[in-house]
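Nothing in this text is a laboratory measurement; each read-out follows from the coordinates by a stated rule. Source: prediction; values computed, not measured. Cβ sites come from the backbone with ideal geometry, for glycine too, and all protein chains shown count toward neighbours.
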Amino acid sequence: MIWFGGDYNPEQWDAAVWAEDDALMRQARVNTATVGVFSWAMLEPAEGRFSFDWLDETLDRLHGNGVRVILATPTASPPPWFTLAHPDALPVRPDGSRLWHGSRDTYCAAAPAYRAAALRITGELARRYADHPALAMWHVHNEYGTRCWCDHAATAFQAWLRGRYGTGPAGLDALNEAWGTAFWSQRYSAWEEVLPPRATQYLPNPAQSLDFRRFWSAELLSAFVAQRDLLRASTPDVPVTTNFMGPEGLVLDPWEWGRAVDVVAVDHYLSATAAAAGHADIAFVSDWARGVGGGRPWLLMEQAPSTVIGPDGLQEHRPPGRMLRDSLAYVARGSDSVLFFQWRASRSGAEMYHAGLVPHAGADTRIFREAVALGSALERIAEVSGTVSGSRSVPGSGTVSGSGAAAVIVDAESRWALETRGLPSPRVRHLDVARALHGALWRAGIACDVVRADGDLSGYRLVLVPAVYLLSTAAASSLRRYVADGGRLVVTFGSGIADPFHRVYTGGYPGALRDVLGVCGEEFHPLRPGESVALTLGGERSTPDGGRGTLWTERLRTDGATVLSRYAEGDLAGLPAVTRNAFGAGTTWYVSTMLADDGLDDLLRAVAGEAGLAVDGVPVSRRVDEDGNSWLFAFNHSDAAVTVPASGLELLSGQEVAGTLELAPGDVAVVREA
Ligand code: GAL
C-alpha cells in the first residue's frame with residue numbers, strides 16, 4: 001500500500017464537515033491522515049490539564065473509515081499559556097531580541113521548561129493512544145529547525161563543546177587551537193567565556209559559527225530522541241519519525257538525523273511554476289531523501305496539492321496534470337507515500353490560502369478530481385511499496401548490471417561552512433553545485449544516489465564532489481582510495497579547501513585533494529553576478545568556443561593533470577579551467593569554474609560514457625525487490641511524444657506493453673517488467 005492522504009486538522013471544523021471529510025476520503029481512497037501536528041493548545045488547555053475527547057473521537061472516526069493515523073506530538077507550537085508561564089523558553093535572536101508567541105515554533109529547545117513540557121504532553125499521548133488500532137506511526141514535532149541564541153542555548157553550547165574538545169583546560173586549549181582564537185585576541189580562558197555567535201561588531205569567528213550550527217543540529221536531535229524514546233517505550237512496534245524540511249530549508253545534519261528516525265520523512269514544497277527545474281528538483285530531493293535513509297523506502301510527508309506562496313509573495317498553482325506525474329516521480333525514486341499538507345484548505349489562520357486536497361470551493365473542483373485520480377492510480381501501483389530504488393539497484397541504468405551507477409556527495413557541514421561571512425564569495429552554495437551536477441545526470445537519464453562524504457563509494461562507476469568545502473583527512477583518504485581502486489571522480493571548485501575545524505589546508509588549493517587531481521590552485525578569482533568568462537574547447541590555447549564559466553574562477557596550474565579546457569580571456573587567459581588526471585587505476589576531473597548547463601552536460605556525458613553508463617536522456621527510474629522483480633517508471637516531461645523501450649504490464653492502464661512504450665506529452669507510466 002502507498003500511504004495516501006496528509007495533514008488533517010479537524011479541530012478547525014465542525015461535525016458536519018467531518019462527515020463530509022469521511023465521505024470524500026473514501027471517494028479519494030485516502031488511507032492515511034496525519035493528525036495533531038499543531039494541537040497542543042487543544043490537548044493541554046492549561047498547564048497539566050489535558051483534554052483528549054476530540055482526539056479520541058477523531059481517531060475512532062478515522063479508524064472506522066479505514067484511515068490509518070500518523071499521530072503527531074504537538075511540540076512545534078507551544079500554547080500561549082506556556083509562553084506566559086515560561087518567558088525564558090522563548091527564542092532569542094543573535095541580536096538579543098526575544099520573540100513572542102503569535103505564530104508557531106516559538107520556543108528554545110535548550111530551555112529546560114520547554115523540554116519538560118514537550119515530554120509531558122508526549123508522554124500523555126503515548127499512554128493514551130498506545131493501543132489505538134488507528135495508530136500507524138508517530139510523527140514527532142514538525143520540521144525541527146528553530147535555533148536560539150539565549151543563555152540556555154549558551155549553557156548547552158558550552159556543554160556540547162566540552163564534549164567535543166574535552167573538559168578542563170586541555171579541552172579549552174583544543175578549542176582555542178581549533179577556532180584559531182590567536183586571531184583578534186579571542187583566546188578563551190574559561191568555558192563561561194564561550195558564547196553563541198551573537199551579533200557582534202564585525203565578522204564572527206568562522207569555526208565558532210560552524211560549531212554552533214553543529215551544536216543546534218545535535219541539540220534538536222537530543223530533543224527528538226527524548227520524545228522518540230518515550231514513544232518507543234510505550235509502543236515498541238510503532239515506527240517513529242519526524243518530518244524533515246527539504247535540503248535547503250533543513251538546518252539539521254540529515255546524515256545524523258537519518259540514523260535516528262525509523263523511516264525518513266521529508267516535506268517538499270516544489271515551486272510549481274518551475275517546470276523543468278521542478279522535475280529535476282523532485283529527482284534531487286527524492287534521491288537525497290533515499291540516501292539519507294540508507295537507500296530504504298522513505299516517506300513524502302508533505303507536498304502542496306496546488307497553491308503555495310512563491311518567493312515573490314505571489315500565489316502559485318500546480319498546473320493541471322502535475323499532481324499525478326509529480327507524485328509518481330517521488331514514488332519512482334523510493335517514496336512509499338504521497339502525503340499532502342493539507343487535506344482541507346483552512347478558512348482562517350496564517351495559511352488559509354495554502355491549497356488543500358479539498359479546496360475552499362469544495363469537492364466539485366479540478367484539484368479534488370486530480371486527488372481522486374491520484375488515489376486510484378496509487379491503488380493500482382500499490383505493489384511497488386517496500387521495494388527499493390536507486391542507482392545501485394537499477395539494473396537497466398546504463399550498461400551497468402548489479403552495481404551502482406553514479407553518486408553525488410552532499411555534506412551539511414560544507415554547506416554551513418560556505419555560508420560563513422568572510423569567505424571569497426558569498427554566492428558559492430554547496431547545494432546549488434550539487435543540484436547542478438545531479439541535474440546534468442538527470443537530463444542524461446542516469447540514475448544517481450546521494451551519499452555522504454565519508455560513505456561507502458565502492459561499486460559506483462562515477463562519484464561527483466560538488467563544492468564539498470570541508471573534508472576531513474579520513475574522507476579525503478576514502479576518496480583517494482576510491483580513485484586508486486579504479487573509480488572516476490569529478491571534483492568542482494570549492495571542494496577540499498578546509499578541514500572540519502574550518503582551517504585551510506595550506507600548500508595550494510584544494511589541499512585535501514591536490515594529489516588525486518594533479519593540480520595546484522594559487523588564487524581564487526570569484527565572479528560577480530552576471531559576470532562570466534569564455535573557455536576554450538579543448539586544452540589548446542587557440543581552439544574555438546568552449547562555452548562559459550560563471551560564479552567562480554581560479555589561478556590553477558597542473559601538477560600531472562591534462563588540461564581539457566582553458567580560460568580564454570581576462571587575467572587567467574591561457575590557464576587551465578577543466579583538467580583530467582590519472583591516479584592509481586582511476587581517473588579524476590577538476591572543474592575550476594561553474595560550467596553553464598550545456599557545458600556541464602557535455603562534460604558529464606563524456607565522463608559517464610567512459611564510466612560505461614548509457615546516456616539516453618529519457619527520465620526513467622526503477623524500483624526492484626529482492627526476488628529480482630522490477631517496475632519501470634517512465635515520464636514524459638516534454639511537449640512531444642516519446643517512446644521508451646519497455647515490456648510488461650502497464651499498471652495504470654492495465655495494458656500489456658511489448659517492446660516499446662508510447663508516452664504522450666505529460667504522461668507517466670508504471671510497467672511491471674516482464
Ligand atoms: C510545512 C509545514 C506545514 C505547513 C506547510 C505549508 O513546512 O510543515 O505545517 O506550514 O509547510 O507549506
Legend entry - Placed amide H near Arg344: partners under 5 Å, 5+ positions off or other chain: Asn9, Leu357, Val358
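If you rank His101, His141 by fewest surrounding Cβ atoms within 10 Å, what's the result? Mind dumping the intermediate values first?
Values: His101 17, His141 24.
Taking fewest neighbouring Cβ atoms as first place, the list is His101, His141.
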Inset, instruction - Compare the Cα positions of Pro311, Phe368, Gly356 along the charge dipole of segment 269-378 (+1 at Cβ of Lys, Arg; -1 at Cβ of Asp, Glu; about the Cα centre) and return the one farthest towards the positive end. - result: Phe368
Legend entry - Förster radius 25 Å - calculated FRET efficiency between Ser425 and Asp571, Cβ distance, rounded to 0.05: 0.95
Legend entry - the chain - Cys residues lacking any other Cys C-beta under 4.7 Å: Cys150, Cys448, Cys520
Legend entry - Cα-based Rg and Dmax for segment 620-673, where Dmax is the largest Cα-Cα distance (Å): 10.9, 37
Inset, instruction - Subtract the Cα-Cα distance of Glu610 and Asp14 from 0.36 nm times their separation in residues, and report this length gain in nm to one decimal. - result: 208.3 nm
Legend entry - Cα-derived Rg to Rh of segment 258-323, Kirkwood definition: 1.03
Legend entry - Charge dipole (the chain, unit charges on Cβ, about Cα centre) - positive-most of Gly659, Trp416, Asn205: Asn205
Legend entry - Cα-based shape type of segment 405-458, given that a ≥ b ≥ c are square roots of the gyration tensor eigenvalues and the cut on a/c is 1.5: oblate
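Need one number: the % of Cα-Cα pairs in segment 269-386 sitting beyond the 24 Å mark. Don't skip to the end; give the middle numbers.
Working: 1775 of 6903 pairs.
Value for segment 269-386 (Cα pairs over 24 Å): 26 percent.
Antiparallel DSSP bridges in the chain: what percent, to the nearest 5?
Working: 52 of 95 bridges.
Counting DSSP beta bridges with both partners in the chain, the antiparallel share is about 55 percent.
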Legend entry - Within-13-Å neighbourhood charge of Ser653 [Cβ basis; K, R +1; D, E -1]: -2
Legend entry - Taking the chain and dividing mean pair separation by its residue count, relative contact order in percent (alpha carbons under 8 Å, at least six apart): 10 percent
Inset, instruction - May I have the pair-distance distribution P(r) for segment 188-327, computed from all Cα-Cα distances with 5 Å bins from 0 and rounded to whole percent? - result: 2, 8, 14, 16, 14, 12, 13, 10, 6, 2, 1, 0, 0
Legend entry - For segment 1-146, the Rg and Dmax computed from alpha carbons only, in angstrom: 16.5, 52
Legend entry - Surrounding net charge for Leu252, when Lys and Arg each add one and Asp and Glu each subtract one, Cβ distance under 11 Å: -1
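How far, in nm, would the chain grow between Trp100 and His317 when pulled straight, counting 0.36 nm per residue and subtracting the alpha carbon separation?
Working: separation 217, 0.36 × 217 = 78.12 nm, distance 3.22 nm.
Separation in residues times 0.36 nm, less the Cα-Cα distance, equals 74.9 nm.
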Legend entry - Peptides 129-140, 654-665, 461-472 ordered by average Cβ neighbours within 10 Å, highest first: 461-472, 129-140, 654-665
Inset, instruction - Taking the Cβ of each residue in Arg128, Arg366 as the centre, tally the other Cβ atoms inside 10 Å and list the residues starting with the fewest. - result: Arg366, Arg128
Inset, instruction - With a point put 7 Å past each Cα toward its Cβ, work out how far Arg481 is from Ser189 in nm, to one decimal. - result: 4.5 nm
Inset, instruction - May I ask you to evaluate 6.51 cos²θ - 1.76 cosθ + 1.60, the Karplus curve with θ = phi - 60°, for each residue of segment 218-231 and list the ³J(HN,Hα) values in order in whole Hz, giving x for glycine and proline? - result: 6, 5, 5, 4, 5, 5, 5, 4, 4, 5, 4, 5, 5, 5
Legend entry - Cα-based convex hull volume of segment 31-262 per residue, rounded to whole Å³: 134 Å³
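Calculate how many DSSP beta bridges within segment 406-610 are antiparallel, expressed in % of all such bridges and rounded to the nearest 5.
On the way: 24 of 41 bridges.
Of all bridge pairs located within segment 406-610, approximately 60 percent are antiparallel.
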Legend entry - CD proxy at 222 nm, helix term only [per DSSP H run n ≥ 4: -39500 (n - 2.57); per residue of the chain; nearest 500]: -10000 deg cm²/dmol
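Treat the count of other C-beta atoms within 10 Å as a stand-in for reagent exposure and order Thr506, Thr562, Thr75 from fewest to most.
Details: Thr506 7, Thr562 14, Thr75 26.
Fewest-to-most Cβ neighbours within 10 Å comes out as Thr506, Thr562, Thr75.
Over all directions, average the projected area of the Cα convex hull of segment 4-43 and note it in nm². Spell out each step's value before the answer.
Numbers: hull surface 11.5 nm².
Dividing the Cα hull surface by four gives the mean projection, 2.9 nm².
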Inset, instruction - Could you tell me which of rounded, prolate or oblate describes the chain, using a ≥ b ≥ c as the square roots of the eigenvalues of the alpha-carbon gyration tensor, with rounded for a/c under 1.5 and, failing that, prolate when a/b is larger than b/c and oblate otherwise? - result: oblate
Legend entry - Where N is the number of residues in segment 124-236, Cα Rg divided by 2.2 N^0.38 Å: 1.42
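What net charge do the residues around Gln12 carry, taking every other residue with its C-beta under 12 Å from that of Gln12, with Lys and Arg at +1 and Asp and Glu at -1?
Net charge around Gln12: -3.
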Legend entry - Label-point separation in nm, Asp151 to Ala182, each point 7 Å along Cα→Cβ: 3.6 nm
Legend entry - Cα gyration tensor shape for segment 493-567, rounded if a/c is under 1.5, else prolate or oblate: oblate
